[in-house]
1. Just report the Cα centroid separation between region B:26-51 and region A:1-60, whole Å.
2. Determine, for chain B, the count of lysine pairs separated by eight or more sequence positions (or lying on different chains) whose alpha-carbon distance falls under 20 Å.
3. Pull up the DSSP beta bridges for the protein assembly as shown and report the antiparallel fraction as a percent, rounded to 5.
4. At 222 nm, what helix-only mean residue ellipticity would the protein assembly as shown give, in deg cm²/dmol to the nearest 500, using -39500 (n - 2.57) for each DSSP H run of four or more?
5. So how far, in whole Å, is the C-alpha centre of region A:177-208 from the one of region B:189-217?
6. Where does the charge balance sit around residue A:98 when Lys and Arg score +1, Asp and Glu -1, over other residues with C-beta under 14 Å from its C-beta?
7. What lysines does residue A:128 reach when the alpha-carbon gap must be under 26 Å and sequence neighbours fewer than 8 apart in one chain are set aside?
8. Under a point-charge model restricted to the Cβ atoms of Lys and Arg (+1) and Asp and Glu (-1), what is the dipole moment magnitude of the protein assembly as shown relative to its Cα centre, in debye to the nearest 20?
Amino acid sequence: MPQELNYLKQTASQTAGPYVHIGLAPGRAGFDIFDHNFGHIMVTPQTVGERIIIEGLVLDGTGTPMRDALVELWQANAAGKYNNPADTQNKPIDPHFRGWGRSPCDFETGFYRFETIKPGQVMGRNGKPMAPHVSLWIVARGINIGLQTRAYFSDEEAANAADPILNLVEQDKRRKTLIASRSERDGQAVYRFDIVFQGENETVFFDV
Amino acid sequence: MSEFYQWDRAIQPKAFTPDYKTSVLRSPKAALLSLENSLSEVTGPVFNHHDIGPLDHDLIRNYAHGGDPIGERIIVHGRILDENGRPVPHTLIEFWQANAGGRYRHKKDTYLAPIDPNFGGCGRCLSDDNGAYFFRTIKPGPYPWRNYVNSWRPAHIHFSIFGSGFSQRLITQMYFEGDPLIKLCPIVQTITDPAAVERLIAPLDLNASVPLDTLAYRFDIVLRGTRSTLFENRLEGN
């Protein structure tokens with residue numbers, strides 16, 4: 001017998017279930033309990049950067065919105081710096097931007113929605129800058145382990161074309177599932193990013 | 001930059017697990033795209049005590065409206081560790097559960113067991129310097145659900161943990177030692193490694209109980225470990 005490797009074993013994931021709102025968004029479950037709630041509004045008036053909305057549907061294998069899903073978003077600030085000590089890039093932290101938000105899908109419309117700012121470019125591996133993007137994490141009843149993907153921005157064509165992660169996606173068609181499309185609504189930039197579980201436009205999810 | 005060890009796919013459940021029927025239409029069909037960690041994955045949100053109220057970790061008191069909730073009073077405690085056995089300090093832990101009768105305070109739950117007017121069923125805390133956490137609650141009851149005609153969830157508490165990086169993000173469920181429903185549950189069975197299932201079962205911890213007052217269960221959680229850099233990778237290239 002060789003020597004033993006004494007690593008601990010990972011705790012297994014289990015579904016967040018249909019009542020995930022109780023724990024992560026109790027207002028949506030129908031009651032008020034905490035003084036401070038986490039939500040989808042990620043900016044204050046002091047936050048630096050272009051105000052944007054990122055929104056979309058989470059669609060199951062029949063194309064039906066998963067109205068009980070919950071999405072979390074993690075991103076860099078306008079300068080391309082994460083508000084976390086592990087980011088050692090020489091860029092300023094924005095003290096008015098945590099960079100994280102949480103949005104349950106709407107029980108009626110199915111939309112998730114984040115009010116945030118457009119992130120700057122973050123340096124990737126081997127000195128290759130990554131195009132501006134946000135990381136998304138999706139949980140729901142029926143999802144055994146949270147799914148991770150990224151949303152890039154349709155108006156960043158040059159940066160997207162050079163992005164090391166987008167370029168790992170072999171099929172053009174699948175790469176497009178990672179691009180949020182920009183439009184304007186009431187003078188506000190809105191990016192639409194649907195998360196599709198199955199079928200022709202299935203979103204690229206990551207093992208990362 | 002410290003990268004995480006990869007997800008242990010021998011332990012973690014698959015996305016498509018047809019015996020848990022809801023997963024059939026809610027699982028990707030294409031393979032996941034494997035990525036090495038970048039700054040986007042090794043960083044994650046930082047929380048602090050301003051995010052949390054003084055009663056958030058006491059489910060016996062945090063929704064009490066003039067009385068105590070019905071049911072077995074329990075303490076749940078443990079540590080958040082990584083695969084290297086290192087504590088994960090100051091990380092946000094959120095938990096939610098049904099009441100003693102197996103009923104959730106949720107507008108979509110229609111089970112006939114009654115709502116408890118003094119029980120909300122959710123709480124949260126930060127792990128301490130040593131990764132330790134604790135909270136007080138009522139032992140949840142089992143409840144029926146529509147998978148097979150007569151499916152019942154074992155009593156469980158849902159946990160959400162952040163870790164230090166967004167790729168450590170984990171949601172899981174804690175079960176209770178001795179519950180005969182555990183081995184019958186299609187959600188538990190999405191995990192095929194029997195030892196991994198056992199690690200989701202909290203043992204009674206009499207030493208941590210409060211005599212004449214509250215029983216205790218212990219539940220440790222292990223997140224992905226961080227890789228030591230034995231030979232420097234050029235991660236940021238600068």
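1. That distance is 11 Å.
2. 6
3. Restricted to the protein assembly as shown, the bridges split so that about 75 percent are antiparallel.
4. Calculated at 222 nm, the ellipticity per residue is -1000 deg cm²/dmol.
5. So the two Cα centres are separated by 41 Å.
6. The answer is -3.
7. Cα-Cα hits under 26 Å: A:81, A:91, A:118, A:173, A:176.
8. Values: 46 positive and 51 negative charges, 128 e Å.
Here the size comes out at about 620 debye.
All of the numbers you see were taken from the coordinates with simple rules; none came from a lab. Everything numeric here is computed off the predicted structure, so don't read it as measured data. So basically every Cβ, Gly included, is an ideal-geometry build from the backbone, and we count neighbours across all protein chains shown.
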